[in-house]
Amino acid sequence: MVALDEIERSLATKKIDIAVNIHSFPECRLEAIEWWVSRLARSHVKHFMVNCESQKLQTDDQKDFSPILERHGYRLLAREPKYRDPVIQKYAIAPDHYFFFELH
């Protein structure tokens, strides 16, 4: 975890292998997602995991943010529901989805 006012220095001085975003991208504007993903790609963060409530990478106002990841070189390696049983996934509390990307 890095404080926002220290992000540029931290990315410039540390090798980061994986970044994780849990539930915040859907709450963001596309410009904010673009800002974050551009910094990760510029710093060569190899893997990136995104956790969303939706089966799609979209903001709460239904804007698809997968093109941002693709534009910065992140390719989807895996997408998994939180629960493997489809009935549980449909009716359980917080039926999230996990998206795992790799920088190419």
Checklist entry - Hey, among the residues in the range 62-104 that are at pLDDT below 95 and among the aromatic types (Phe, Trp, Tyr), which one's farthest from residue 52 (Cα to Cα)? => result 91
Item to check | Long-range neighbours under 8 Å by Cβ, at least six apart or interchain, first residue touching a residue at least 40 places away in the same chain (Cβ under 8 Å) within the range 43-61, second assigned to a loop (DSSP other than H, G, I, E, B) and of a type in the set (A, V, I, L, M, F, W, C) | outcome: 45/16; 50/57; 53/94; 57/65
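The values are calculated or read from the model by the stated rules, or taken from the named source; none is laboratory data. Remember, predicted model here, so these are calculated numbers, not experimental data. Neighbour counts run over all protein chains shown; Cβ positions are idealised from the backbone, glycine included.
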